[in-house]
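Data first, discussion second: the structure below is written as structure tokens.
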Amino acid sequence: MAVNPYESDELLQQYLVFHYASAEEQFPYDFGGSDALDFPKRCALEGPDPEKLPKGARALDLGCAVGRSSFELARHCSSVIGIDYSQAFIDAANRMQVDGSHPATRLDEGSATTQLNVQVDATIDRSRVSFEQGDAQFIREDIGQFDVVVACNLICRLPEPMRLLQRLPDLLKPGGQLFMTTPFTWLEEYTPSDNWLGDGAQDSFAGLRQALEPEFSLDVRWDMPFLIREHARKFQYSIAQASRWWRS
């Protein structure tokens, strides 16, 4: 991909709002949509089973964007590494880690905007979290192993998703948890059709399952809606396929 759209300021501001803005700041309506708010937080707190994490658990958040899920994982994990391909997203996540807040511009209508100051929950120990720019298809070899790996809405944005799926067994300790979400929005601009899971002969989740088994066993799968605000009267409402897996 010649130009990475996730380096644009437009998407950076959109994702800061998506991750950190309050429900009222994102969706100030009393109908529809509210069930899909706080998706990054829900991924961290509803995805992995916190009761089955060992003391001092180590977590890896792949495709962390601007970092909300990484911070939320720190509620249950002693160490969290968030990795994203976008340097702009990682710069913003690092600022959140240092300052606990970040300015965000919310688009309202036309050129009208609202300036927000989004924040990390003060009850979270930000020192447990670190961020780095990286490619989920080529994770550095010395990163070690983890008790939990989270990869939310990432698979269908990789040129070669199988590279990540084949690396996952090395990243997770035996008995570790893998939590993934994806809307399976396959687009040629991100993933050549030859690399789409299922390859047109089966559904994408079946392709994902085939890639993960037998190193991973499926625990549970469910649907998770998420809502991304574009402006005051336009929102992206999508339904991700969520699944939790155990490393054999």
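The values are calculated or read from the model by the stated rules, or taken from the named source; none is laboratory data. Predicted model only: the values in this text are computed from it and were never measured. Cβ sites come from the backbone with ideal geometry, for glycine too, and all protein chains shown count toward neighbours. Surface accessibility is based on the protein's heavy atoms, side chains included, excluding ligands, DNA and RNA. Shrake-Rupley method; radii C 1.70, N 1.55, O 1.52, S 1.80 Å.
Listing for the model above:
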| read-out | value |
| --- | --- |
| Subset of region 27-45 that is without any contact (Cβ under 8 Å) to a residue 40 or more places away in the chain and acidic (D, E) - its residue that is farthest from A232 (Cα to Cα) | D38 |
| Counted residues, region 202-248 - those being open to solvent by 80 Å² or more (accessible area, probe 1.4 Å) and either β-branched (V, I, T) or not in a loop (DSSP other than H, G, I, E, B) (or both) | 7 |
| Residue satisfying all of: in region 46-68; open to solvent by 10 Å² or more (accessible area, probe 1.4 Å) and farther than 20 Å from P174 by Cβ; nearest to the chain's Cα centre (by Cα) among these | G63 |
| Evaluation of L154 against (1) closer than 19 Å to F205 by Cβ; (2) in contact with a helix residue (DSSP H, G or I) (Cβ under 6 Å, 6 or more places away or on another chain) (one fails), failing number | (2) |
| Region 124-135: number of residues that are among the hydroxyl-bearing types (S, T, Y) and in contact (Cβ under 8 Å) with a residue 40 or more places away in the chain | 1 |
| From S101, S111, S78, residue being touching a residue at least 40 places away in the same chain (Cβ under 8 Å) and either open to solvent by 60 Å² or more (accessible area, probe 1.4 Å) or in contact with a helix residue (DSSP H, G or I) (Cβ under 9 Å, 6 or more places away or on another chain) (or both) | S78 |
| Residue check, D199 at pLDDT 95 or above, more than 25 Å from H76 (Cβ to Cβ) and in a loop (DSSP other than H, G, I, E, B) | no |
